[in-house]
Amino acid sequence: MDFLTAVHTDVGIRKSTNQDSALMMEAQTDVGKVLLSVICDGMGGLAKGEVASATVIKAFSSWFENELPKLLHMEDPEKMIFGEWEELVMDCNRKIAAYAAPLGVSMGTTLNAALFMKEQYYLINIGDSRAYVISDGLYQLTKDQSFVQREVDLGHITPEEAAVHPRRNVLLQCVGASPIITPDYYTGACVSGQVFMQCSDGFRHVITPEEIFQYLNYSVLTDEQTMMDNAVYLTELNKNRRETDNITVLLVKVI
């Protein structure tokens, strides 16, 4: 199993700082190539969101370098991976909250992290950054932990109403500003012919699933330069349509 990758982030047209943070790390091991892809969206409207997102990114980078090697030869590492990630997230939550408290501010970040190893993917999600897989179509892998998603699940509003709801940016939890965090976990097969995409919410508000599929499907993304060019194109399309948030997208093509 091998990968082609691309990461692109943009401050957008309105904000003065980019509160998104992203990480892509890979290593060649004796069980094959492994890759970690992480996106964190520092909370818009909360002070120092970029500090919160960078804190979580740094923690996952350290985990990849120092802890993952111990798990490579486990036959079924899922429980251990998710267990260690949960401890990592809870530690980040405490650190961010402790940093923010004496400043009298609230700081938080979403988290969407994916590990690709031995033809499996392992995902953790907190908040409303998303992971998708693109094969014969665009399929959302994670479910938003947001007010509007909960209202959709309860049947109170439709997905179409959720997209324009005045509270569509309200999260149910995030790392750093939530006293209790319950991450969502996902796992599945990782095979040639797939493209995995992770993005902050700023990437997906004003472009369509059809446009994402058109520019990010497997056959179109022939090399890493094309992956980057198309990520930049869709980011600029978002900006031309007046998306005001920071915009970040991560791409992993499985070959």
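The values are calculated or read from the model by the stated rules, or taken from the named source; none is laboratory data. Since we're looking at a predicted model, the values are computed, not measured. Because the Cβ atoms are built from the backbone with ideal geometry, glycine has one as well, and the counts that use them run over all protein chains shown.
Regarding region 145-165, can at least one residue be identified that is crowded, with 19+ Cβ neighbours inside 10 Å and in contact with a strand residue (DSSP E or B) (Cβ under 7 Å, 6 or more places away or on another chain)?
Yes; the residues of region 145-165 include at least one that is crowded, with 19+ Cβ neighbours inside 10 Å and in contact with a strand residue (DSSP E or B) (Cβ under 7 Å, 6 or more places away or on another chain).
Out of Ile157, Ile207, I need the residue that is part of a loop (DSSP other than H, G, I, E, B) and farther than 20 Å from Thr248 by Cβ. Which one?
Criteria check complete, one pass: Ile157.
Checking the condition at pLDDT below 95 and either surrounded by 15 or more Cβ atoms within 10 Å (Cβ to Cβ) or more than 29 Å from Ala97 (Cα to Cα) (or both), which residue from Thr187, Thr208, Thr244 passes?
On the way: Thr187 fails: at pLDDT below 95; Thr208 fails: at pLDDT below 95.
After ruling out the rest, the residue left standing is Thr244.
Please indicate, with yes or no, whether at least one residue in region 64-72 is among the aromatic types (Phe, Trp, Tyr) and either at pLDDT 95 or above or touching a Ser or Thr at 6+ places or on another chain (Cβ under 7 Å) (or both).
So far as region 64-72 goes, yes, one or more of its residues are among the aromatic types (Phe, Trp, Tyr) and either at pLDDT 95 or above or touching a Ser or Thr at 6+ places or on another chain (Cβ under 7 Å) (or both).
If Thr226 satisfies every condition in (1) at pLDDT 95 or above; (2) touching a helix residue (DSSP H, G or I) at 6+ places or on another chain (Cβ under 9 Å); (3) of a type in the set (Val, Ile, Thr) but one, which is the exception?
Every condition holds for Thr226 apart from (2).
Sort through Asp229, Asp201, Asp245, Asp223 and tell me the only one that's among the charged types (D, E, K, R) and within 15 Å of Ala22 (Cα to Cα). Give the steps one after another, and end with the answer.
On the way: Asp229 fails: within 15 Å of Ala22 (Cα to Cα); Asp245 fails: within 15 Å of Ala22 (Cα to Cα); Asp223 fails: within 15 Å of Ala22 (Cα to Cα).
Selected residue: Asp201, the only one of Asp229, Asp201, Asp245, Asp223 that is among the charged types (D, E, K, R) and within 15 Å of Ala22 (Cα to Cα).
Out of the strands (runs of 3 or more DSSP E) lying entirely within region 56-154, which hold 2 or more residues that are of a type in the set (S, T, N, Q) and within 19 Å of the chain's Cα centre (by Cα)?
On the way: elements: 111-117, 120-126, 130-134, 138-140.
Here the list reads 120-126.
Looking only at region 1-50, count every residue that is of a type in the set (A, V, I, L, M, F, W, C), crowded, with 19+ Cβ neighbours inside 10 Å and at pLDDT below 95 and tell me the total.
Residues that pass the stated criteria total 1.
Could you count how many residues in region 118-160 are of a type in the set (Asp, Glu) and free of Cβ contacts under 8 Å to residues at least 12 places away in the same chain?
So the count comes out to 3.
Filtering region 211-241 down to residues that are closer than 17 Å to Gln140 by Cβ and either under 17 Å from the mean Cα position of the chain (by Cα) or aliphatic (A, V, I, L, M) (or both), which residue is surrounded by the fewest Cβ atoms within 10 Å (Cβ to Cβ)?
Ile212
State the number of residues belonging to region 112-141 that are surrounded by fewer than 23 Cβ atoms within 10 Å (Cβ to Cβ) and among the polar types (S, T, N, Q).
Residues meeting the conditions: 3.
Of all the residues that make up region 13-55, how many are in contact with a Gly (Cβ under 6 Å, 6 or more places away or on another chain) and not in a strand (DSSP E or B)?
Residues of region 13-55 that are in contact with a Gly (Cβ under 6 Å, 6 or more places away or on another chain), as a first pass: 19, 42-43, 46, 49-50, 52-53.
From what is left, the residues that are not in a strand (DSSP E or B) are 19, 43, 46, 49-50, 52-53.
Residues in region 13-55 being in contact with a Gly (Cβ under 6 Å, 6 or more places away or on another chain) and not in a strand (DSSP E or B): 7 in total.
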